[in-house]
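Working notes, structure below.
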Amino acid sequence: MQDPKTGVKSQPQRLVITTIPHAITGEDILSWLADRFQIDTQEARNFGSMLVALGYIYPLQDHKRLVIKPDASLYRFQTPYFWPTQQWPVEDTDYAIYLAKRNIRKKGILELHEQEQYNRLHKWMNHKWDFIVMQAKEQYRAAKERKKPDRVVFDCQERAYWVVHRPPPGTVSAMDYGLDRRIDPNADEVCPTLSLVKYCATYNGHDPFLSKCLPSNPWITDDITYWNLNMPNVEIPTKMRVERWTFSFGELLSDPRGRDDFRLFLKKEFSGENLAFWEGCEDLKWGTAATMREKAEQIYKSFLARGAPRWINIDGKTMEITVNGLKHPHRYVLDAAQTHIYMLMKKDSFGRYLKSPVFKDTLKKAVCPEEHKYSDAQLEQNAKNRRPSLSPIVLRQQEKEHRAKMAANAPVDITQVMSKLSKTGKEVDFPSANASPSLPFLAHSPACPSPISVALDSTSASERRAEAGEGGAAGIPEARAPAAGSVSRSCMPLSLRRLLKRGCTPSTMFASLSPKYHSAAGTSSRIQPISPDQPSQAPPRRIGNFFQIKVDIPPECRIYPIESEDEDEEENRAASRGGVGAKEIICPWESLTPQNGTG
Amino acid sequence: MACQGLQKGETLASLKTESDGLKKKLEVERGKLNDVELHQVAEKTEVLGALSIKTRRVLKGHGAKVLCMDWCKDKRRLVSSSQVRTSTDLWTREHGVSLPCTWVMACAYAPSGCAVACGGLDNKCSVIPLSLDKDENLAAKKKSVAMHTNYVSGCTFTNSDMQMLTSSGDGTCALWDVESGQLLQSFHGHTADVLSLDLAPSETGNTFVSGGCDRKANVWDMRSGQNIQSFESHESDINCVKYYPSGDAFASASDDATCRFYDLRADREVAVYQKDSIVFGASTVDFSLSGRLLFAGYNDYTINAWDVLKGNRVSILFGHENRVSRVKLSPDGTAICSASWDNTLRIWA
């Protein structure tokens, strides 16, 4: 269609002083379509409208109505960059940046619905607002450097893109595709049945019926070494077991030893809250109905609320759905958030785990036992020595005692509490069937301790608690972590105290990209832990966002023109700080007092 | 639409032919989408060597037909139920605990290993906490959880001790909260007795499959109670359904002497396991750990081991003296346990 010779006739459009090239009229488009496809005008009109509705062609005048008009109204082809087929994830962050940018350019230019969206995003993305405003400014600045016609064209294109993806209320959006499918039929280009064959091939070596069981199959030789080596929480796993963890993320999580290893890795990466949240959700899903409501509340307070101690990073839309659902909690209310976090771990952390020193270390230490070779006489002897195994009831009692001991010794910290949450959820004391399983943390910590108040002591015990209360992204030493060895002290507490002495409020602690404080993060959209002396990990994961200008500013030489900042940024920052104070975290269904105004 | 009376010119017979015609069309369409059979895809896979699977243990102690069994997660204990009572047997000769439940057609071990569930012709499924004290009167602690209007044919715990799924002769399946006995979700859709169910193994699994006397195998979403997929290719009652270890497929055993394999993503049957010499119904199936082997118990007292990918039978296990009622793989895949109407259980490895 865009072919200069055989395509739609195009002409330059005049706009005050500048000219926009390649504008086409509605009637030309329609006549071209009718000609090309040999269809009548009505059909051409419908087809043309679909092209406009999906954003392949955009109107220059009356840009809010995405229809094609069979007259001299002007349209342009959208740049392929913005085509829906590119399948860029249309994130709220980008939309926020776009709105902020327009606001900067000219105040009061936002439409009513855009203003509402802006305020809503401001509320939800409060923690990122500095970043968003910064991006908006950068883009605005970069745009100023372009030539005017290019700029106008780009602005039109961008505006058109957002009209398609964030339609004004009352309009039909062509992007609406209904419910998400459970199974994506297009996901596997290869015949899905092939995946079954692959599965068999992958697990062939692990199938005791098809391959040798090392050292020997206990049912055949009556030697239980195999079972002893593969106990659920053994210190040193076997090589086969470790290999199985690499097959899929699900395998890693479902093996308790694998999950422990992964937890250790996450702790080092300061994203342990993801796994803890996932475990909490599992516990909610499979737990007893009686305690469900409390559990949901606890999870909200610990992971989802604004300013929560172990805040997890989920996108605005999922957060909105989840919080709305929590007003009437049911066991599947956290499903959306849980899936999001699960996929995050699967697609991101899992890959890194497999390359990490934690995993490599475990693999190196893993044992590979030699095959048993018993003579017939020995086999008979083995058979005579059969002993019954330890009853699961006994094992459970032992585990309980062990945990009680650990709980008595260590100060209360959140991870332990959370892991208990996931454990107690699984077992029920039947003899005391009327009492719902006691949730120890409820006794110890009625509300999540304010991170600031615990950090101001200087005793070692509270230093640990300070680490515990540090913030959503920070790692927390596990009081009981037999596999992990001694508690590793990172440099976190030092920097935290340094920050606290400078008197930062909780909100700015989390808005880690605020320029006034040291911040290790570049422009990643994930909140990075606050520790400049932390060894540089892999660069923070950048979600492919074409809108955002990637700015790699090392923390030390961050030249952020604080003095020259515009009025609105001050306003924005003040507004974001004003809302999230050191207030107690209130669950949405508990209080009716409005938290933040509408910005 | 379905509730309207007959229109002019329509008769019941004509509607039936129309519905059959539509079903055939559906099959044709399904076939067009993925016209590859499993054994074709698996052509390049190596052929399995001969398996030497033998009986390693014979567990005696039941005084009547053993109808069902389940493994404990500790890989060494199991619970089995019979016409007269349920007992937990250990793998040594020590006697297990005998629990008083009559007419037990279904039993399951709780994931923690500290309780068992059993149900049957009493229309209920009860949970019994286990204890170390052998003399303790466990009958007193029995707690009714599920209440159906007909016999309970299958039961299983979900990921925790606190929820249970049951299938029943009244044509429904149900999800229960163990603590309170509350019905959390019910699943309607079968038009006859539901004989078997199995929970999806995946970690994000929220689905299960059920098979019934209406020859259908249905896949359900536990959250919404909706029937998301349905397969009807057996020619007779489906006695048992079991998920493939990856969760993307499942197998079924039926009175029509065949076992069939269904791929959930391709949404169709991809293999049939049958042989002219097998004329007795299959009552139970289970996969080996890799999913390569399918063990099926038949009413001719044998267990056949099939190569899932190639479709041929790899081995026959003889030993039982009456029908095989249940076959189950141990949690770590090291052995298969079979329960039979000859009052015994056998462990094969």
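The values are calculated or read from the model by the stated rules, or taken from the named source; none is laboratory data. These figures come from a predicted structure and were not determined experimentally. Glycine also receives a Cβ, built like all others from the backbone with ideal geometry; neighbour counts cover every protein chain displayed. Surface accessibility is based on the protein's heavy atoms, side chains included, excluding ligands, DNA and RNA. Shrake-Rupley method; radii C 1.70, N 1.55, O 1.52, S 1.80 Å.
Output the qualifying pairs, or none if there are none: Cβ atoms under 9 angstrom, residues six or more apart or on different chains, first residue in region A:304-332 and under 16 Å from residue A:344 (Cα atoms) and free of Cβ contacts under 8 Å to residues at least 40 places away in the same chain, second residue open to solvent by 20 Å² or more (accessible area, probe 1.4 Å) and in a helix (DSSP H, G or I). Pairs that qualify, where the first residue is under 16 Å from residue A:344 (Cα atoms) and free of Cβ contacts under 8 Å to residues at least 40 places away in the same chain and the partner is open to solvent by 20 Å² or more (accessible area, probe 1.4 Å) and in a helix (DSSP H, G or I), are A:314/A:336; A:314/A:340; A:314/A:344; A:318/A:336; A:318/A:339; A:318/A:340.
When residue A:120 is tested against (1) outside any helix (DSSP H, G or I); (2) open to solvent by 70 Å² or more (accessible area, probe 1.4 Å); (3) of a type in the set (Lys, Arg), just one condition goes unmet, and that condition is (1).
Here the condition is being more than 30 Å from residue B:189 (Cα to Cα) and either buried (at least 19 other Cβ atoms within 10 Å of the Cβ) or within 14 Å of chain A (Cβ to nearest Cβ) (or both); of B:329, B:293, it holds for B:293 alone.
Looking across region A:207-238, just one residue is surrounded by fewer than 19 Cβ atoms within 10 Å (Cβ to Cβ), in a loop (DSSP other than H, G, I, E, B) and of a type in the set (Ser, Thr, Tyr), and that is A:211. On inspection, residue A:369 qualifies as part of a loop (DSSP other than H, G, I, E, B), at pLDDT 85 or above and closer than 30 Å to residue B:113 by Cα.
The condition of being within 14 Å of another protein chain (Cβ to nearest Cβ), open to solvent by 10 Å² or more (accessible area, probe 1.4 Å), free of Cβ contacts under 8 Å to residues at least 60 places away in the same chain and over 22 Å from residue A:193 (Cβ atoms) holds for only one of B:223, B:265, B:215, that being B:223.
Residues being within 27 Å of residue A:279 (Cβ to Cβ) and either among the aliphatic types (A, V, I, L, M) or at pLDDT below 90 (or both): count how many of those fall in region B:139-157. Steps first, answer last, please.
Going residue by residue through region B:139-157, those that are within 27 Å of residue A:279 (Cβ to Cβ) are B:145, B:155-157.
With the extra rule that they be either among the aliphatic types (A, V, I, L, M) or at pLDDT below 90 (or both), the set shrinks to B:145.
Going through region B:139-157 one residue at a time, the tally reaches 1.
Of the residues A:54, A:15, A:60, A:30, only one is surrounded by fewer than 20 Cβ atoms within 10 Å (Cβ to Cβ), among the hydrophobic types (A, V, I, L, M, F, W, C), farther than 30 Å from residue A:316 by Cβ and at pLDDT 80 or above; which?
Numbers: A:54 fails: farther than 30 Å from residue A:316 by Cβ; A:15 fails: at pLDDT 80 or above; A:30 fails: surrounded by fewer than 20 Cβ atoms within 10 Å (Cβ to Cβ).
After applying the criteria, what remains is A:60.
For region B:269-285, a residue qualifies if it is part of a strand (DSSP E or B) and open to solvent by 10 Å² or more (accessible area, probe 1.4 Å), and the qualifying residues are B:269, B:271, B:272, B:283.
Here the condition is being within 22 Å of the chain's Cα centre (by Cα), hydrophobic (A, V, I, L, M, F, W, C) and not in a loop (DSSP other than H, G, I, E, B); of A:133, A:90, A:152, it holds for A:133 alone. Residues in region A:131-179 that are open to solvent by 20 Å² or more (accessible area, probe 1.4 Å) and among the small types (Gly, Ala, Ser): A:142, A:170, A:173, A:174, A:178. Can you tell me which residues in region A:381-433 are more than 10 Å from chain B (Cβ to nearest Cβ), over 33 Å from the mean Cα position of the chain (by Cα) and at pLDDT below 80? Residues satisfying the conditions are A:408, A:409, A:432. Looking only at region A:296-333, residues that are within 12 Å of chain B (Cβ to nearest Cβ) and either within 20 Å of residue A:275 (Cα to Cα) or among the aromatic types (Phe, Trp, Tyr) (or both) come to 3 in all. Beta carbons closer than 6 Å, at least 6 apart along the sequence or on distinct chains, pair a first residue in region A:208-221 that is within 9 Å of another protein chain (Cβ to nearest Cβ) with a second that is among the hydrophobic types (A, V, I, L, M, F, W, C) and open to solvent by 20 Å² or more (accessible area, probe 1.4 Å) for A:218/A:224.
Just one of the listed residues (A:243, A:251, A:273) is charged (D, E, K, R) and either at pLDDT below 90 or out of contact with any helix residue (DSSP H, G or I) (no Cβ under 7 Å at 6 or more places or on another chain) (or both), and it is A:243. Checking each residue of region B:54-61 against the condition of being touching a helix residue (DSSP H, G or I) at 6+ places or on another chain (Cβ under 8 Å) and either within 12 Å of chain A (Cβ to nearest Cβ) or modelled with pLDDT under 85 (or both) gives at least one match. Considering only residues in region A:294-327 that are in contact with an Asp or Glu (Cβ under 7 Å, 6 or more places away or on another chain) and in a helix (DSSP H, G or I), the one that is surrounded by the fewest Cβ atoms within 10 Å (Cβ to Cβ) turns out to be A:317. Restricting attention to region A:222-240 and to residues that are polar (S, T, N, Q) and touching a helix residue (DSSP H, G or I) at 6+ places or on another chain (Cβ under 9 Å), the residue that is nearest to the other protein chains (Cβ to nearest Cβ) turns out to be A:230. Total residues in region A:35-91 satisfying the condition of being over 18 Å from residue A:25 (Cβ atoms) and β-branched (Val, Ile, Thr): the figure is 4.
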